[in-house]
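Here is the structure we will look at.
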Amino acid sequence: MVGTDTEASSPGAGDEVRAAAAAGPIGVFDSGVGGLTVLAEIRRALPAEHLLYVADSGHAPYGDRPNAAVRARAEAITGFLIERGAKAIVIACNTATGVAAAHLRALHDLPIIAMEPALKPAAACTRSGVVGVLATSGTLKSEKFEALRGRFHGAVEVLTQPCPGLVELIEAGDFADEALRCLLADLVLPLTQRGADTLVLGCTHYPLVRALIADIAGPDVTITDTGVAVARQVQNRLAAAGLLRDAPLPRGRPGSLGFWTSAPSPNAAAVLIQRIWGEGVPVEPLPC
């Protein structure tokens, strides 16, 4: 922000500007409801913060879309969140991170926090030396993932498993569906049969079916995801920029929430979002 002469000469004007910026919300988006797993970790780490969430379910899954289409959606949604005062953007989607994070950072001068599959903690805790990564095709084909995988070359064996169709079944919201369990078995068992004792959930949708994955993989397999690490990174980035909301929680109430969806049926999407979030929250149609 460019300060005026009045701001520059007024004692405390800079503090007021920073305080106003820190009062703004954190904007979070994903191709659908998966990013709610990241939003929940941000809420736990930073309960005073106001949060905005966009579920771009009308364009899910991003992993099957051309890069240009994903980049365009990420740009449009980021603009939408910034128009609503977002002081930081969290790309709660591994595919959008690989395709659009650098593009968004070039366009916008505010903290943009992105995802990275949890290969580092997985490599640290594997006993067999074999790590399996479940992710969308878009994530696994990205240069960002290849660079990440290259950092562990020779240290551990990294097996990758693209998961076509999994996001769509999760977005359907029936986590007891036998088709979902069958697909997960087809995806997980080839990894464990090849010796993977640690699985990385490389899509924010997948923690929503973590219990199913754990049941299929068995008790000796460790499962990792990046939700907690991303929330910690959000906290660190906001603190470094002086943007943490320094306000007591009135009567213990956390910061406000705003939800939008691009799903063809916003009402049905709202039911799923409320079920995953665990409380009734208003969900509005996304206008972009």
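Every number here is computed from the coordinates shown, using simple stated rules; none is lab data. Treat the numbers as computed from the prediction; the structure is a model and nothing was measured. As a convention, Cβ positions derive from the backbone with ideal geometry for all residues, glycine included, and neighbour counts pool all protein chains shown.
Proximity of backbone amide H atoms, modeled 1.01 Å from N, is registered between Thr204 and Asn94 at under 5 Å, excluding neighbours fewer than 5 places apart on the same chain. Taking the inverse of the mean 1/r over every pair of distinct Cα atoms in region 119-225 gives a Kirkwood hydrodynamic radius of 13.8 Å.
For Lys120, the lysines whose Cα comes closer than 17 Å to its Cα, not counting residues fewer than 8 places off in the same chain, are Lys144.
In order along region 128-142, the Karplus-derived 3J(HN,Hα) couplings, from 6.51 cos²θ - 1.76 cosθ + 1.60 at θ = phi - 60°, round to 7, x, 10, 10, x, 10, 9, 7, 6, 4, x, 5, 5, 8, 6 Hz, and Gly and Pro are given as x.
In deg cm²/dmol and to the nearest 500, what is the mean residue ellipticity at 222 nm of the chain if only DSSP H runs of at least 4 residues count, each as -39500 (n - 2.57), divided by the residue total? Walk me through the numbers before you get to the answer.
On the way: 13 runs with 133 residues, N = 288.
So the calculated ellipticity at 222 nm is -13500 deg cm²/dmol.
Cα centroids of region 72-107 and region 149-204: 26 Å apart. Select from Ile26, Cys93, Ala239 the residue farthest towards the positive end of the dipole of the chain; place +1 on Cβ of Lys and Arg, -1 on Cβ of Asp and Glu, and compute about the Cα centre. Farthest along the dipole direction, towards plus: Ala239. Close amide-amide hydrogen proximity is noted between Val28 and Leu52, Tyr53, Val54, Val90, each under 5 Å apart and 5 or more residues distant or on a separate chain (H modeled in the peptide plane; Pro and chain starts excluded).
Relative to the globular-protein estimate of 2.2 N^0.38 Å, the Cα radius of gyration of the chain stands at 1.04. Whole-Hz Karplus values for region 264-273 come out as x, 10, x, 5, 5, 5, 4, 4, 5, 4 Hz, taken residue by residue from phi with 6.51 cos²θ - 1.76 cosθ + 1.60 and θ = phi - 60°; glycine and proline positions read x. Near Thr222, the amide H atoms lying under 5 Å from its own belong to Thr198, Leu199; only residues 5 or more places off or on other chains count, and H is placed 1.01 Å from N.
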